[in-house]
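Comments concern the structure below.
The values are calculated or read from the model by the stated rules, or taken from the named source; none is laboratory data. Keep in mind the model is a prediction, meaning the values are calculated, not measured. In this analysis, Cβ positions are derived from the backbone assuming ideal geometry, glycine residues included, and neighbour counts consider all displayed protein chains. Surface accessibility is based on the protein's heavy atoms, side chains included, excluding ligands, DNA and RNA. Shrake-Rupley method; radii C 1.70, N 1.55, O 1.52, S 1.80 Å.
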Amino acid sequence: MELAIYNIKGEDTGRKAVLNDEIFAIDPNEHAIYLDVKQYLANRRQGTHKSKERSEVSGSTRKLHKQKGGGGSRIGDINSPVLVGGGRVFGPRPRDYRFKLNKKVKQLARRSALALKAQENNITIIEDFTFDNIKTKNYINFAKNLKVDGKKALVILAGQDKNVYLSSRNVPNANVMSASDINTYVVMNNNALLVTESGLAIINKL
């Protein structure tokens, strides 16, 4: 698969970039994508939720009235879950939501996500670039030139670039990431992928 290479002004350079067919031309496995995204979101959960159960709420343990002979229902102490202010039955407790996923499944999911974006024509290859200084306007002009302004866009670089990252930080829906750090979730969570030539060289080997 080949795509045209653009510069940061949005002009076609006349050159072509070769995308690895083993990544970008495969039949996307949607279930693998689902599993990888599910694991990514599960791993982000703190799992610190907690509610007080009957034995943990503040209140007397005195039996409110006798068991029989009152003409009403049986009842225990004021901490009973059926009473207002009582404990909660089977409430949430701190837990770890992380789960294991095989490396080959994660690799298939990442490749499937990239192939899906390629099929939707949401991948643009751009020349390697940087900004001379740190200005939000630099990124805004860059996005307008490449017609991704207003879209959720992910710029994939070969490595860390402080000027590009800091220039995009205040722009809504703008994301900048190194090619070696991309995962299924970030690929699927963005509408457009802007990949530099050197970033593509790294992705082609993933």
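Counting DSSP beta bridges in the chain, what percent are antiparallel, to the nearest 5?
On the way: 4 of 19 bridges.
Taking every DSSP beta bridge with both residues in the chain, the antiparallel ones total about 20 percent.
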* Find which of 174, 90, 75 sits farthest along the positive direction of the dipole of the chain, computed with +1 on the beta-carbon of Lys and Arg, -1 on that of Asp and Glu, about the Cα centre. => 75
* To do: Can you spot the lysines whose alpha carbon is less than 22 Å from residue 152's alpha carbon? Ignore those fewer than 8 places along the same chain.
  => 9, 38, 117, 135, 137, 144, 162
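Ranked highest first by the average count of other Cβ atoms within 10 Å around their residues, in what order do 56-67, 183-194 fall?
Working: 56-67: 11.1, 183-194: 20.0.
Result, highest mean Cβ count within 10 Å first: 183-194, 56-67.
What does the net charge come to around residue 131 if you take all other residues with beta carbon closer than 15 Å to its beta carbon, with K and R at +1 and D and E at -1?
Values: positive: 9, 135, 137, 144, 162, 169; negative: 127, 128, 132, 161.
Neighbourhood net charge equals +2.
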* To the nearest 20 debye, what charge dipole does the chain have about its Cα centre, counting +1 at the Cβ of each Lys and Arg and -1 at the Cβ of each Asp and Glu? -> 1860 debye
* By the scheme Lys and Arg +1, Asp and Glu -1, what is the net charge of all other residues having a beta-carbon under 13 Å from that of residue 63? -> +3
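Please give me, ordered by residue number, the chymotrypsin sites (Phe, Trp or Tyr not before Pro) of segment 48-151 that lie in loop per DSSP and have at most 11 other Cβ atoms within 10 Å. Let's see the in-between values first.
Values: sites: 90, 97, 99, 129, 131, 139, 142; in loops: 90, 97, 99, 129, 131.
Here the sparse-neighbourhood loop sites are 90, 99.
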* For the chain, what is the Kirkwood hydrodynamic radius in Å, using each pair of distinct C-alpha atoms? -> 20.7 Å
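What is the sum of charges, Lys and Arg at +1 and Asp and Glu at -1, for the other residues whose Cβ falls under 14 Å from the Cβ of residue 162?
Working: positive: 135, 169; negative: 132, 161.
Once positives and negatives cancel, what remains is 0.
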* **Percent accessible area from carbon and sulfur atoms, the chain, protein chains only, probe 1.4 Å** => 48 percent
* Asked: Once phi is turned into ³J(HN,Hα) by the Karplus curve 6.51 cos²θ - 1.76 cosθ + 1.60 with θ = phi - 60°, what whole-Hz value does each residue of segment 154-169 show in order, with x for glycine and proline?
  -> 10, 9, 10, 9, 6, x, 6, 9, 4, 5, 5, 4, 6, 6, 9, 4
